[in-house]
Structures are given as structure tokens and as C-alpha cells.
Amino acid sequence: MQVSLLALIITLTTFFMPVAIEAQQLPDPHFEDWSDVFNKDIQLKDWHGSNVSQLGFKFTFMFRREGRSGYCAYVADREVGAFGIKETGPGYMGLGTAWQFLKGLSTGSATAGMYGGIPFKYRPDSMVVWVKRTGDNTDKEDFHLLIYTWSGTAKGSKYKSKNEGCTAVDVENEESDIRIAMDGNECTTDQPGHQIAEGWFHARAKLNDWKRISVPVYYFNDDVPTMCNVIFSAGNYPNFRANSGLYAGNGLWVDDVELIYSAKIQKLVVGGEVWKEFDPNSSAVQTYRLPADAKTIPAIHALRGIGSLVNMKGKKVNLPGRHLTDKEMTITPGSINGTPCIITVKSEDGKSTRTYKIKFIK
């Protein structure tokens with residue numbers, strides 16, 4: 001059987017053509033796949049609302065609305081109840097599964113949260129989402145945009161309830177058993193998850209028009225995650241684990257969420273010390289001064305994802321960031337008092353590149 005030279009070239013070119021790295025995005029980021037149903041209300045397939053199903057009653061917290069283009073998701077705090085007992089429940093949604101637990105008819109034992117997420121192995125630098133915030137009490141409670149990643153399996157058996165006590169219920173990979181430093185389980189975590197990253201924005205505001213919000217993602221360590229969860233909350237979740245501090249009617253509209261992968265260095269470490277004069281925004285040649293007796297250029301490392309957040313208890317938590325890997329950063333050596341050192345940084349999704357030039361002089 002004869003194969004033409006052209007066909008052979010096409011085959012070899014296709015076989016050996018480099019494959020572009022495509023870092024992970026979130027499922028259905030434009031909120032268009034409303035193919036599930038809860039309590040006769042159409043629901044997103046890949047995202048899950050804090051819908052309540054208790055004692056044979058069902059209450060919906062996530063709804064389809066007209067978005068920036070196509071559909072968007074809408075969640076709101078709302079009043080729920082039966083047999084003359086009414087409470088305000090938190091409206092939130094996420095990639096994990098919302099859960100609620102009530103012991104008998106005792107509303108004091110009520111507790112809730114979200115567990116699980118999606119398999120995930122990348123390290124984004126920020127999460128961008130378009131939101132609107134409506135309601136009559138938006139100045140009294142925060143809305144929340146949250147992303148966190150982890151590895152391992154977290155386990156808990158007791159969670160804070162409305163009566164400020166602890167309600168016994170077994171949950172795996174619950175949000176508060178992973179986010180120990182930020183929103184730790186007040187009733188003690190049996191087995192903590194290994195949190196790797198956190199991006200969290202919250203504010204008290206009314207937003208009648210769509211607003212693009214960028215949420216920086218900070219890193220606790222250099223590790224690679226295995227799981228990720230995102231939570232969008234209309235009100236005080238995760239501030240309150242039960243039915244308190246909530247205002248019925250406060251709603252959050254969300255659309256077009258995207259994970260951003262940057263090629264920018266945040267801090268440069270030279271010879272084990274952070275170079276304070278380094279400008280991460282400059283493409284010009286930057287000068288690093290060495291001791292007069294220097295014979296070699298010191299080791300160079302780069303950091304990203306450094307920041308601080310205030311946790312639920314009002315305590316500032318510093319996140320040290322992560323070191324860039326050899327796959328993200330390459331260094332072309334220079335010479336002392338001569339050719340600049342070239343640092344080339346690629347974003348984890350391979351879509352952007354940034355070059356830094358460092359001249360080492362005595």
C-alpha cells in the first residue's frame with residue numbers, strides 16, 4: 001500500500017504537534033445548563049443551591065434568571081417553615097453539595113453548610129465573577145464570593161447549631177473542616193483537610209447593575225490540590241452556620257465566572273532573601289547589586305499568591321504564597337557585570353508569558 005508524501009507529512013505533523021496546556025476552568029461558567037429540577041423549580045446541572053428538603057417539605061433557594069447574556073443564577077435568603085414554625089434560611093450555591101440537618105422538630109438544633117466540590121489539580125491566581133446584589137437589607141449582611149482548594153479528606157461529626165450548641169451529624173469534606181484557619185468548625189474537626197488555597201471576597205453593598213469582581217487567590221503552601229469548591233452566597237454564609245443573622249429578600253445574581261492564570265511574579269527571592277526593589281510590572285532591565293567579592297550569581301526563586309485575609313473571628317491570617325515551578329519559570333543565566341539574566345514566566349494555562357531582565361553588578 002502506497003502512502004503519498006503529503007499524507008505522511010500531515011500525519012507526522014499532527015502526531016508531533018505540541019499540545020497547548022489548558023488549565024482547568026469551572027464547569028458551566030456561564031450558568032446555561034438548567035437541566036435539573038428541584039421542587040418543580042428548574043436547577044443548574046453542575047452547581048447546587050442551598051435548597052431545603054426537611055420533613056416532607058421542600059424550599060428552593062436557587063433560581064434561573066436573565067443574565068448578562070443568556071441565563072444567570074440567582075440565590076436569596078428566604079423564610080421557610082411549616083406547622084407555624086418559620087425561620088430565615090441562607091441562600092447560597094456552589095460546586096459542592098449544600099446540607100441541612102434538624103433533629104426532630106427542634107429548630108434550635110438546626111445546622112447547615114456545604115461539603116465536597118470537584119476534582120481539581122491547578123493553581124489559579126484569581127477568580128473573576130460578575131454579580132448584582134439586591135434586597136432591602138444589603139447594608140446589614142455581607143454577600144460572599146469564595147473559592148478554596150485542598151487535598152486529603154476532612155471529617156467532622158459535630159457542627160454549630162442555632163442554639164449555639166453542637167449538633168451531632170457526620171459530614172465528609174465539609175467546608176469548615178477544610179478552611180480551618182478561616183472558618184474553622186467551632187465544634188471541633190475530627191480530621192482536617194489539607195487546605196492549599198483561598199480566595200474570598202465579602203462586602204455589604206447593593207449592586208443594582210452588573211459589577212465585575214476579581215477575587216485574588218492566596219496560597220498556604222506549594223502543594224498541588226486534588227479538590228476545589230466555589231461558594232456564592234447572598235448573605236451571611238459562611239458567617240452563620242444556622243438560621244441567624246439573615247435577612248429574607250437579600251439576593252445575589254451571579255454570571256460568567258472565570259479562573260485567571262497569571263504569568264506575573266509577585267516577589268523575587270535572590271540568594272534566600274526577598275529583593276525589595278524588584279518591580280513585578282517592569283519589562284525593563286533591573287539592576288541587582290552584589291557584594292564586591294561576589295563570584296557567582298545567587299540562586300533565584302519566584303513567589304506568587306502571597307496575601308492576608310481576616311478570618312471569621314476577626315483575626316488576620318497571613319498566607320505565604322507558593323514558589324513557581326520549573327515548568328512555570330525558566331532562567332537564562334547571565335554574567336556578573338555583563339549580560340542580564342533572563343527570567344521567562346509562563347502562566348499555568350500557557351496562555352500568557354512575561355519576561356524579566358535582571359542585571360547583576362558588583
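For region 127-136: of the residues being out of contact with any Asp or Glu (no Cβ under 9 Å at 6 or more places or on another chain) and open to solvent by 10 Å² or more (accessible area, probe 1.4 Å), which is farthest from Asn221 (Cα to Cα)? Of everything passing the filter in region 127-136, Asp136 is farthest from Asn221 (Cα to Cα). Among residues of region 344-358 that are at pLDDT below 95, those with a beta-carbon under 6 Å from a residue that is small (Gly, Ala, Ser) and open to solvent by 40 Å² or more (accessible area, probe 1.4 Å) at least six positions away or on a different chain give the pairs Gly350/Ala20.
Checking the stated criteria, Ala302 turns out not to satisfy the condition of being assigned to a loop (DSSP other than H, G, I, E, B), out of contact with any helix residue (DSSP H, G or I) (no Cβ under 7 Å at 6 or more places or on another chain) and either open to solvent by less than 40 Å² (accessible area, probe 1.4 Å) or within 24 Å of Ser214 (Cα to Cα) (or both). Gln286 passes every criterion in (1) free of Cβ contacts under 8 Å to residues at least 60 places away in the same chain; (2) assigned to a strand (DSSP E or B); (3) open to solvent by less than 60 Å² (accessible area, probe 1.4 Å) apart from (1). Across region 190-199, which residue is nearest to Thr111 (Cα to Cα) among those that are open to solvent by 30 Å² or more (accessible area, probe 1.4 Å) and part of a strand (DSSP E or B)? Ranking the candidates gives Asp190 first.
One line per residue, one yes/no per condition, for (1) open to solvent by 30 Å² or more (accessible area, probe 1.4 Å); (2) assigned to a loop (DSSP other than H, G, I, E, B); (3) of a type in the set (Lys, Arg):
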| residue | (1), (2), (3) |
| --- | --- |
| Thr138 | no, yes, no |
| Glu141 | no, yes, no |
| Thr153 | yes, yes, no |
| Glu164 | yes, yes, no |
| Phe201 | yes, no, no |
| Ser214 | yes, no, no |
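Only one entry in Lys264, Lys357 is open to solvent by 40 Å² or more (accessible area, probe 1.4 Å) and assigned to a loop (DSSP other than H, G, I, E, B), namely Lys264. Condition check: without any contact (Cβ under 8 Å) to a residue 60 or more places away in the chain and not small (Gly, Ala, Ser). Does Thr296 satisfy that? For Thr296, the condition - without any contact (Cβ under 8 Å) to a residue 60 or more places away in the chain and not small (Gly, Ala, Ser) - is met. Per this entry, Asn208 is not counted among residues that are in a loop (DSSP other than H, G, I, E, B) and within 26 Å of the chain's Cα centre (by Cα).
The values are calculated or read from the model by the stated rules, or taken from the named source; none is laboratory data. Just so we're clear, the structure is a prediction, and the values are computed from it rather than from any experiment. Every residue, glycine as well, gets a Cβ built from its backbone with ideal geometry; the counts of neighbours run over all protein chains shown. To get the accessible areas, we keep the full protein, side chains included, count just its heavy atoms, and leave off ligands, DNA and RNA. Shrake-Rupley method; radii C 1.70, N 1.55, O 1.52, S 1.80 Å.
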